[in-house]
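Worksheet for the structure shown next.
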Amino acid sequence: AAVNGGDPWSGPFDVPLDLDQVFSLAAAFITSCPDSNAKLPVKAFPVLSFSPETPYPGDSVQLSYDSSSGKKEYFAIFTGLTTIFVPISDNKKVTIPSDVVGTIYGVVTTSNEKVTDDNTVAGPIIMIFPDDI
């Protein structure tokens, strides 16, 4: 990050993720575990991706995820210590808010008030928006 002119380490307002969210991000890199290992007390959420793969703040993106929730869904964006809820259209499109910067995360949820493991549908996905774009 510092080589590219960014902040070289984390700060006090970085996004806190819960254990299942972190495991969901790491699960893509885990190929196998020995059978002798104890079962981990975590679950991986379904994968969330979008197109274009590298959006900018203000862009409209097409989300891709498996869902059978049957409920209204929202794209929850974790930025700093704040969560922004954006309604997902029927064709799974959302617009990224134009004022987000830094490393942020997004999940699909069935709540527009609070994200929990019980109402998370897919994700998280990582988005990195430099403050000089």
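The stretch between S36 and E113, if pulled fully straight at 0.36 nm per residue, gains 23.7 nm over its current Cα-Cα span.
The label point for N91 and the one for K72, both projected 7 Å from the Cα toward the Cβ, are 2.1 nm apart.
Once you wrap a convex hull around the alpha carbon atoms of the stretch 28-75, what is its projected area averaged over all directions, in nm²? If you can, show how the numbers build up before the last one.
Working: hull surface 22.6 nm².
One quarter of the hull surface, i.e. the mean projection, equals 5.7 nm².
With a sphere of radius 13 Å drawn around the Cβ of P41, what net charge do the other residues whose Cβ falls strictly inside it have (Lys, Arg +1; Asp, Glu -1)? Within the 13 Å Cβ shell, the charges total -1. Using only the alpha carbons of the stretch 27-131, what is the convex hull's orientation-averaged projected area in square nanometres? The Cα convex hull of the stretch 27-131, projected and averaged over all directions, gives 7.8 nm².
A 1.4 Å probe, protein heavy atoms only, puts the accessible area of S67 near 50 Å².
Let's see if you can work this out: charge +1 on each Lys and Arg Cβ, -1 on each Asp and Glu Cβ, no other charges. What is the dipole magnitude of the chain about its Cα centre, in debye to the nearest 20? It would help to have the intermediate numbers written out before the result.
On the way: 7 positive and 16 negative charges, 75 e Å.
Result for the chain is approximately 360 debye, rounded to the nearest 20.
Cross-link pairs exceeding 24 Å in C-alpha to C-alpha distance, out of K92/K114; K43/K93; K39/K71; K39/K92; K93/K114, comprise K43/K93; K39/K71; K39/K92. Each label was represented as a point 7 Å from its Cα along the Cα-to-Cβ direction; for T54 and I128 these points are 1.0 nm apart.
Within the listed set P34, P16, P46, the residue fluctuating most in the Gaussian network model of the chain (springs between alpha-carbon atoms under 10 angstrom) is P34.
The values are calculated or read from the model by the stated rules, or taken from the named source; none is laboratory data. As the structure is a computational prediction, the values presented were derived from the model and not from experiment. Using ideal geometry, Cβ is built from the backbone for each residue, glycine included, and neighbour counts are taken over all protein chains shown. The protein model used for the area step is the full one, side chains on, heavy atoms only, and it has no ligands, DNA or RNA in it. Shrake-Rupley method; radii C 1.70, N 1.55, O 1.52, S 1.80 Å.
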